[in-house]
Each structure stands twice: as C-alpha cells, then as structure tokens.
Amino acid sequence: MAKIKKSLNMHNDDVMGVTKVCVRCKKMFTYLGFGHYYCPSCKKLDEEDFSRVKNYIYDHGVASATEVSDMTGVSLKTIEQYLREGRLEIPEESPIFIKCEKCRIDIRSGRLCSECARKLSTAMREEMDFDDEQIGDVPKKKLGKMRFLGKEK
C-alpha cells in the first residue's frame, strides 16, 4: 500500500454560512468557514482520527497506509480521504500513489495533477471570458491609494 507522511497544505477557499452535507455522516449542517466539510459532531471525531494518524506517522516515520490503518484504527477509506484533501502526502520514494481524478496519472496527494489543474484553470478562464488584465495582483503591502495603471505617482 502507499507510504504516507504529513503535508502542511491547508484549504483557504472555503465559504462561510452555507449549507453543506457532512462528508462523514451525510447530514446537512451550516458550514462556518473553517476546516473541512464536517458537521460539529463529526468534526470532533475527524480531529481525533487525524491526530492518531499524524501522531503515528510522527512517531514511526514513513509507513504504509495499511500499517497506519491497522495501528491507529482509522479506516483506509478515511486515510485516502486525508490524501485527497491534501492533509497527508505520499513520499516520492513510494512505489504506490493515488491517481489524478481526471487523467489517472500518479499523484502524491490531492485530487488533480498540476497539469489537469492548470488546464481546468485555463478552461474556467476561457468559459468566464477572463483576460489577463482582469486578474488582479495581490498587494505586497496593506497601505496605498488607488491609482490608474501606467500612470506615475
């Protein structure tokens, strides 16, 4: 089975105050904009499961998903979900990886390979009729005044 290690990827694109379906128990709940899509009851259970997995990996180093599951009691399905969510990552030297959901190439974590993600982004931009000029730069500092592009001052 795949070898896994902790990844530091976090999700920052979540929306507050919307109704979601819990990925664990399938009940509807109001998502408050932080963490993964778990209802309050399942969020606590997920945190406990993830903590057991994380602690096992920290204490024992790189391990197979089967070993982690056997030693922590966390199901293989849940461990794969952590890989898909980017919360765990398969190390480079592993002989087994998960597959990109679009092209089925091997990936270490997440749902898409970088090429499919790039194509999806490009397709979305084309569908929404975005030009490069319509994509704003992230400011390097918080203070400043609005200005016209190309004008000095």
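The values are calculated or read from the model by the stated rules, or taken from the named source; none is laboratory data. These figures come from a predicted structure and were not determined experimentally. Here the Cβ positions follow ideal geometry from the backbone for every residue, glycine too, while neighbour counts run over all protein chains shown.
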Q | Flag if Cys39 is touching a strand residue (DSSP E or B) at 6+ places or on another chain (Cβ under 8 Å) and under 20 Å from Leu112 (Cα atoms) | A | no
Q. Can you name every residue in region 50-89 that is closer than 19 Å to Cys22 by Cα and either among the β-branched types (Val, Ile, Thr) or crowded, with 20+ Cβ neighbours inside 10 Å (or both)?
A. Phe50, Val74, Thr78, Ile79, Tyr82, Leu83, Arg87
(Q) When you check Ser109 against the structure, is it within 19 Å of Val68 (Cβ to Cβ), crowded, with 17+ Cβ neighbours inside 10 Å, of a type in the set (Ser, Thr, Tyr) and in contact with a Lys or Arg (Cβ under 6 Å, 6 or more places away or on another chain), yes or no? (A) no
Q: Scan region 2-36 residue by residue and report those that are touching a strand residue (DSSP E or B) at 6+ places or on another chain (Cβ under 9 Å), part of a loop (DSSP other than H, G, I, E, B) and either crowded, with 17+ Cβ neighbours inside 10 Å or modelled with pLDDT of 90 or more (or both).
A: Ala2, Ser7, Cys22, Lys27
**Q.** Subset of region 77-101 [at pLDDT 90 or above, over 18 Å from Lys43 (Cα atoms) and not in a strand (DSSP E or B)]
**A.** Cys100, Glu101
